[in-house]
Every structure is written in structure tokens, then in C-alpha cells.
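The values are calculated or read from the model by the stated rules, or taken from the named source; none is laboratory data. Note that the coordinates shown come from a computational prediction; the quantities given were computed from them, not determined experimentally. Note: ideal-geometry Cβ built from the backbone for every residue, glycine included; neighbour counts use all protein chains shown.
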């Protein structure tokens, strides 16, 4: 087990170094904002840029629902992806029935974890397509797409204010701060398409003739990029949830989960709590035995005997 111990030691070192860097960063940011140069920069670039005139405000119901479904499906995408990375033998193998969706070649047999990963990714992509279409139809795209270059210094300003533990002023009901705009826009229009493209390259649906030994179409590049997107989503989720709860939890949750602009109501917090319970229950229920049962309704499944203890 020396490799496992070595990985744990490296992980401990990385976490310790990251925490140390964070503490140093907080101290430096707090010192810098008290200097004349820092005060002047924060005055000139307060951390937010108003979107174009006419951009809608608030969080419509479709945004609340797609936000929840996105997190719900990502939970199972990550868990099934980690099962695939473990390289353990799946408890069952799934073969698509060549009836409704007929193909010239025989359907490929997939491990249960691979099949489940493709199922939840398909649901996630469908949710994302609905979200993007409604984003542009409604005009809400302007809330997460930079429209002027001043977004850059304002994003730096917002980041330094977060780092100094004095949150930048913002009103997410009207518009996001500059750093939120950059990260939300990158998550929707860069990270998600990159995850889909690299996932398709690594999936069984990718044609053999399109594969390459080197470059972006190679296994090495695709796996590295897919892994990078996985860690990006994990880090983004942790930071996103943390800041939602630390920067006015009730107002943020009311907007994101109840669609109301209210800093006092507990409705959004209640809906958020229910959504967490739903995800937890689904996590418990939709484990490999349930996944196998679902697969048996739509495909041919070969269950594997339990490994000897």
C-alpha cells in the first residue's frame, strides 16, 4: 500500500500548502486595500458592471428548476465518474437492445457505471439545452456574458474584496458582480461544452476512425481535459455554495430557489433544504442495485456474481 500512503501524504501536503497560501492571501489583501493605491483602485473599480439596459432582473421559475436539476444530475455524474476512475469490476454489464434505435453494428456491451454515467449525462445535457435556449430567449444571457472590457479590472477588484473577507457589494436580483459574471459565463459556455466534447471522445459512441494518437482527439488529451473539468466543477460547487451561504444566505436562497427578492423570508431556505433532502434520498436509493434494475427495463443486463470476500 505504499502508493496509497504516498498519495495521502501528497494530498495532505497540497491541502496544507493551499490553506497557508489562503491565509497569506487574506493578510496581503487586507493590507493592500488599506493602502492609497488599493483604496483608489477599489474606488475606480467597485467590483460590478451593470448589464446592458433592458436586461431582465430576478430569477424566473425555469431558472430555479434548471438550477436544481443541474446540481441533481451533476451529483450522479461525479459519483459515476469516480466509479469509472476506480477501475473496479462493475456489478453488471448492459447491452442496448437494437430495436427502437437500430444501428448497423451490434450494440456495444457497457459496464453498469459507464451506462449510468451516459444516462445521467444525457439528462444533464437535455437540462442544459433547455436552460441555454431559455437564457437567450428571455434575455437573461446578458447577466452572465461580459459585454465590456471593464469587467476585467472589476473582477479583480471583486476577487480581492472576497479574499480580504469584506464581501463586494452586490445585488444578485438585479445583476451579478464582475467575478460572478466571468465564472458563471465560463461554467455555462466553456466548462460544460468542454465536458461534453471530451466525454463524447471517451465514450463508446465515438467512431474509431475519428480517434488520434496525439493531439486533442487522443485518449491522453481527452482524459486530462475531462479530469480537469471534473475538478473545476467540484471546486466551483464548493466555492459557490459557500459564498451563497456566507453572503446573505436568506436573500440568495430566496432568489435562487423561490424566485423572490426578500432578505427576511425563510421560504427559499426551506425549498433549498427540501432539495438537499431529495438529493440525499436519491443518492441512497439510486445505487448500483437500483441502477441495474432500471437498466433491465430498457436493455439486456448480465449481472456479475459478487466478488469473494
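Could you tell me whether the stretch 218-235 includes any residue that is touching a helix residue (DSSP H, G or I) at 6+ places or on another chain (Cβ under 6 Å), closer than 29 Å to residue 161 by Cβ, modelled with pLDDT of 90 or more and part of a helix (DSSP H, G or I)? Yes - at least one qualifying residue is present in the stretch 218-235. Scanning the stretch 127-139 for residues that are in a helix (DSSP H, G or I) and out of contact with any helix residue (DSSP H, G or I) (no Cβ under 9 Å at 6 or more places or on another chain) turns up 129, 133, 136, 137.
For the stretch 259-268, a residue qualifies if it is part of a helix (DSSP H, G or I) and surrounded by 17 or more Cβ atoms within 10 Å (Cβ to Cβ), and exactly one does: 268. Scanning the stretch 43-55 for residues that are surrounded by fewer than 14 Cβ atoms within 10 Å (Cβ to Cβ) and touching a helix residue (DSSP H, G or I) at 6+ places or on another chain (Cβ under 9 Å) yields 44, 52, 54. Only residues that are surrounded by fewer than 11 Cβ atoms within 10 Å (Cβ to Cβ) and either touching a strand residue (DSSP E or B) at 6+ places or on another chain (Cβ under 9 Å) or in a loop (DSSP other than H, G, I, E, B) (or both) were counted across the stretch 206-217, and they come to 4. Looking at 82, 63, 22, which is the one that is closer than 22 Å to residue 283 by Cβ and outside any loop (DSSP other than H, G, I, E, B)? The unique qualifying residue is 82.
Only one residue in 190, 156 is more than 25 Å from residue 128 (Cα to Cα), out of contact with any helix residue (DSSP H, G or I) (no Cβ under 7 Å at 6 or more places or on another chain) and at pLDDT 90 or above. Which one? Step by step, each of 190, 156 is checked, and only 156 is more than 25 Å from residue 128 (Cα to Cα), out of contact with any helix residue (DSSP H, G or I) (no Cβ under 7 Å at 6 or more places or on another chain) and at pLDDT 90 or above.
Every listed requirement among (1) under 30 Å from residue 23 (Cα atoms); (2) modelled with pLDDT of 95 or more is met by residue 131 save one, (1). If residue 93 meets every condition in (1) under 26 Å from residue 116 (Cα atoms); (2) out of contact with any strand residue (DSSP E or B) (no Cβ under 7 Å at 6 or more places or on another chain); (3) in contact (Cβ under 8 Å) with a residue 60 or more places away in the chain; (4) not in a helix (DSSP H, G or I) apart from one, which number is that one? Just one mismatch for residue 93, condition (2). Scanning the stretch 138-166 for residues that are surrounded by fewer than 18 Cβ atoms within 10 Å (Cβ to Cβ), over 20 Å from residue 186 (Cβ atoms) and over 23 Å from the mean Cα position of the chain (by Cα) gives 165, 166. Scan the stretch 258-277 and report the pairs whose first residue is touching a residue at least 60 places away in the same chain (Cβ under 8 Å) and on the phi > 0 side of the Ramachandran plot and whose second residue is surrounded by fewer than 15 Cβ atoms within 10 Å (Cβ to Cβ) and assigned to a loop (DSSP other than H, G, I, E, B), with Cβ atoms within less than 8 Å and a gap of 6+ or a chain change. Filtered contacts from the stretch 258-277: 259/58; 259/60. Residue pairs whose Cβ atoms lie under 6 Å apart, sitting 6 or more positions apart in sequence or on different chains, and linking a residue in the stretch 150-168 that is at negative phi and in contact (Cβ under 8 Å) with a residue 40 or more places away in the chain to a partner that is in a loop (DSSP other than H, G, I, E, B) and surrounded by fewer than 18 Cβ atoms within 10 Å (Cβ to Cβ), are 167/247.
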